[in-house]
Every structure is written in C-alpha cells, then in structure tokens.
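The values are calculated or read from the model by the stated rules, or taken from the named source; none is laboratory data. Predicted, not measured: the structure shown is a model, and the values here were computed from it. Cβ: placed from backbone, ideal geometry, glycine included. Neighbour counts: every protein chain shown.
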Amino acid sequence: MPDISVIIPAYREEKVIYGVVEKVRQVMDATGQSHEIIVVDDGSDDETAAEAQKGNRSPSYATTGAKAGINALQRSPQTRPALRVCQARHCGYE
C-alpha cells in the first residue's frame, strides 16, 4: 500500500495532462514516499484519457462518465467511486 495517493481531476486536458502527471511524479519521487497517482476524468470528450495514460508508469485512471464538476469529487454518488480507487493511507486532491 502506498503512503500517499495524489488525485488529479481533469476535464478536457489532453494538451497538458501528460506534463502534469509527469511533474507530480517527479515531485513525489523526490520525496521518497511511496505513492500512487490517480487521474479522475470528469467526462472529457477529447484525448485526455489517452494522454493521461501514456508512458511506462501510467497513473491509475477513473472517469465520472459525465461533467459532475470538481467539487462533486466529495459529494456526488457518481464520483465517490473514483475516490475509492485510492489505496494509500493518505489521499489528496486539489
């Protein structure tokens, strides 16, 4: 079990999500803490999913299936399962 889960909410982020995931990975690797990265796609209709999962160490990926909004990560029955993807003792999102 990782120590930390970092949740990255995304909607129509195909142009930047790969860079964001890699930057988060670099920062977390530098901490020396075991971690996982989870991208939660809020129903994007672009290539966000494909871009998020590129690379040798692709993050876990979950989708809400519809535009539920970032605040819904905590309160919506539709998005709560995405938070359950977390395997770590500490889960955080922004």
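Within the range 44-64, residues that are over 16 Å from Arg12 (Cβ atoms) have Cβ atoms under 9 Å from residues that are modelled with pLDDT under 70 in these pairs: Ser60/Val85; Ala62/Thr79; Ala62/Pro81; Ala62/Ala82; Ala62/Leu83; Ala62/Arg84; Ala62/Val85, counting only partners at least 6 apart in sequence or on another chain. If only residues of the range 20-48 that are in contact with a Ser or Thr (Cβ under 9 Å, 6 or more places away or on another chain) and assigned to a loop (DSSP other than H, G, I, E, B) are counted, the one that is surrounded by the fewest Cβ atoms within 10 Å (Cβ to Cβ) is Gly43. When the range 8-19 is limited to residues that are at pLDDT below 90 and surrounded by fewer than 22 Cβ atoms within 10 Å (Cβ to Cβ), the one that is nearest to the chain's Cα centre (by Cα) turns out to be Ile8. Pairing residues of the range 1-15 that are without any contact (Cβ under 8 Å) to a residue 60 or more places away in the chain with residues that are in a strand (DSSP E or B) and surrounded by 17 or more Cβ atoms within 10 Å (Cβ to Cβ), at Cβ distances under 9 Å and at least 6 apart in sequence or on separate chains, gives Ala10/Val39; Ala10/Val40; Ala10/Asp41; Tyr11/Asp41; Glu13/Val39; Glu13/Asp41. When the residues of the range 21-61 are filtered to those that are more than 10 Å from the chain's Cα centre (by Cα) and among the hydrophobic types (A, V, I, L, M, F, W, C), the one that is nearest to Ile7 (Cα to Cα) is Val24. The set of residues from the range 20-56 being touching a strand residue (DSSP E or B) at 6+ places or on another chain (Cβ under 9 Å), modelled with pLDDT under 85 and farther than 18 Å from Gln87 by Cβ comprises Asp41, Asp42, Gly43. For Ser5, the test of being hydroxyl-bearing (Ser, Thr, Tyr) and either over 12 Å from the mean Cα position of the chain (by Cα) or not in a strand (DSSP E or B) (or both) is failed.
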